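Down below is the structure, laid out as structure tokens.
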Amino acid sequence: MPPDRVVRHLRTPSIDKLKARVASLNCYASHEVDDGTPAASLLAIAPGTTETSSSSARSASSRSSRSATGHMRQSDGHLALPSHPRGVPHLRGRSGTAPETMAPAPEPLVRSVLAKLGECADGEPTDADDMPGWYEIRPTRFGVRSETYLADHRKVPSAGAIFRCVAVQLFTSDDLAEDFAMRPGCVAHDMLCANRETELFILNILLPGPPALSLVHVFERTPVAQRAPISEHAHRLYDHFVAAEPAWRDRRLKILANCTGGPLAIRTAVPSRPAVIGNKMPLRWHRHERSLEVVLDVAFSSVAAPVWRLMRGVTRKVVLDLALIIEAKEDEQLPEQVLGCMQWHKPNIADAQPAPPLRNSSGPGSDRPRSAGSV
């Protein structure tokens with residue numbers, strides 16, 4: 001081979017040619033949309049929603065975030081993705097397949113209400129076996145301390161309930177949302193604002209994630225005109241319960257769960273006996289003018305946390321009766337009555353939406369419920 005041809009083969013490309021080559025390969029680095037529609041991996045993610053689990057989507061999203069520095073971030077937290085006149089190139093993921101086109105993210109549902117499927121009789125529901133949601137159930141399903149319990153330890157079906165369940169909501173939150181009576185857009189807040197006579201008890205069960213969930217049960221107190229004479233002592237006990245110190249409430253609030261449907265491992269793991277919640281986990285309370293919220297943080301319970309780990313992936317198979325009871329320890333407080341009860345029926349935790357923001361104070365002329373303090 002002639003020496004001049006050898007030299008020509010060994011000659012390295014000029015820096016200008018290298019730059020031109022790199023530019024031709026990365027010419028779409030800042031133009032990842034086609035006519036204003038984001039690609040799947042570059043879709044702007046609204047606050048509170050979760051990212052796709054696809055590895056190609058994650059890698060493309062990280063590349064776009066690195067290329068879009070500062071000038072591509074709007075004030076609302078979304079990426080400002082300019083369109084390109086020649087359209088989106090056929091980008092390839094690690095697997096060699098083109099990323100799928102993804103529809104724009106839906107607007108968050110503020111209320112995030114689980115469907116009420118009706119009122120469930122003493123038998124198991126048969127009309128909506130596969131529908132996710134919750135049932136209103138009769139308090140007679142649960143055994144409570146009888147009028148003579150202190151003498152013979154006999155239990156009887158509850159004759160009534162102080163509250164009835166009116167709504168169940170499921171929210172996601174990075175900071176474990178609480179105090180839903182002060183969150184506009186939530187059922188509890190809206191009910192308190194709509195009716196000055198409404199009194200609510202809110203059970204907020206915090207479920208560890210990711211993502212962390214707040215399962216909010218809203219119970220409405222029976223109006224005075226509709227209370228049966230047999231329930232008067234139970235309502236007096238509840239009034240004392242609300243006015244008492246948090247430590248006293250911790251020692252008196254009991255939970256009773258009965259798993260009637262689901263995998264055998266879960267039905268076996270769920271305790272069927274009533275338990276004083278404050279003995280199993282720390283409780284937090286939020287008391288306002290016409291509402292009381294108790295917060296159960298499952299992550300701190302050595303019993304509930306393992307059960308939730310078993311249940312989290314199969315909630316669409318679980319049917320669970322749940323009741324709250326204020327423990328009676330004196331003759332004038334007996335017989336016990338259920339504070340509130342309901343049934344989870346195969347809930348779909350994928351329906352959870354971001355919790356609305358908290359508003360602590362009420363301005364002049366506001367319809368928000370007044371706060372009596374949180375403890």
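The values are calculated or read from the model by the stated rules, or taken from the named source; none is laboratory data. Computed from a predicted structure; not experimentally measured. Cβ atoms come from the backbone with ideal geometry, glycine included; neighbour counts cover every protein chain shown. Please note that ligands, DNA and RNA were not included when accessible areas were found on the heavy atoms of the full protein model with its side chains. Shrake-Rupley method; radii C 1.70, N 1.55, O 1.52, S 1.80 Å.
Exceeding 26 Å between C-alpha atoms, which entries from my cross-link table qualify? They are 116/155; 116/254; 155/346; 116/280. Write down the numbers at each step before the final one.
On the way: 116/155 30 Å; 116/254 24 Å; 155/346 30 Å; 116/280 30 Å.
Pairs exceeding the cut-off: 116/155; 155/346; 116/280.
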For residue 302, solvent-accessible area (1.4 Å; no DNA, RNA or ligand), Å²
100 Å²
Of 197, 293, 330, which has the most accessible area with a 1.4 Å probe, and how do the rest follow in descending order?
197, 330, 293
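Averaging sequence separations of C-alpha pairs under 8 Å and six or more residues apart, then dividing by the length of the stretch 148-303, give the relative contact order as a whole percent. Show your work: numbers first, answer last.
On the way: 225 pairs, mean separation 38.3, N = 156.
The value is 25 percent.
Classify the stretch 206-349 as rounded, prolate or oblate from the Cα gyration tensor: take a ≥ b ≥ c as the square roots of its eigenvalues, call it rounded if a/c is under 1.5, otherwise prolate when a/b beats b/c and oblate if not. The partial results should precede the final answer.
Numbers: a/c = 1.88, a/b = 1.67, b/c = 1.12.
Here the stretch 206-349 falls in the prolate category.
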C-alpha center-to-center spacing [the stretch 182-226, the stretch 242-286] in angstrom:
18 Å
How big is the stretch 149-232 in terms of Cα radius of gyration and Dmax, in angstroms?
16.6, 49
In sequence order, what are the phi-derived ³J(HN,Hα) couplings for the stretch 192-201 according to the Karplus relation 6.51 cos²θ - 1.76 cosθ + 1.60 with θ = phi - 60°, rounded to whole Hz, with x for glycine and proline?
5, 6, 7, 9, 6, 9, 6, 10, 10, 10
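Tell me the Kirkwood radius of the stretch 217-275: reciprocal of the mean inverse pair distance over distinct alpha-carbon atoms, in Å. Intermediate values should be presented prior to the final figure.
On the way: mean 1/r = 0.0691 Å⁻¹.
Here the Kirkwood hydrodynamic radius works out to 14.5 Å.
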Between residue 138 and residue 247, the two model label points (7 Å from Cα along the beta-carbon direction) sit apart by a distance in nm of 4.2 nm
Span per principal axis, largest first, for the Cα atoms of the stretch 271-351 (Å):
44, 26, 26
Return the long-range amide H neighbours of residue 296 (sequence gap of 5 or more, or a different chain), with a cut-off of under 5 Å between placed amide H atoms.
204, 205, 206
Under a 1.4 Å probe, counting only protein heavy atoms, residue 152 has an accessible area in Å², nearest 10, of 80 Å²
Expressed in square angstrom to the nearest 10, the accessible area of residue 268 with a 1.4 Å probe stands at 100 Å²
Report ³J(HN,Hα) in whole Hz for each residue of the stretch 256-271, in order, from the Karplus equation J = 6.51 cos²θ - 1.76 cosθ + 1.60 where θ = phi - 60°; Gly and Pro get x.
10, 10, 9, 7, 9, x, x, x, 4, 4, 6, 4, 6, 6, 6, x
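Can you put 284, 227, 164, 251 in order of accessible area, largest first, using a 1.4 Å probe?
On the way: 284 80, 227 55, 164 105, 251 130 Å².
Ranking 284, 227, 164, 251 by accessible area, largest first, yields 251, 164, 284, 227.
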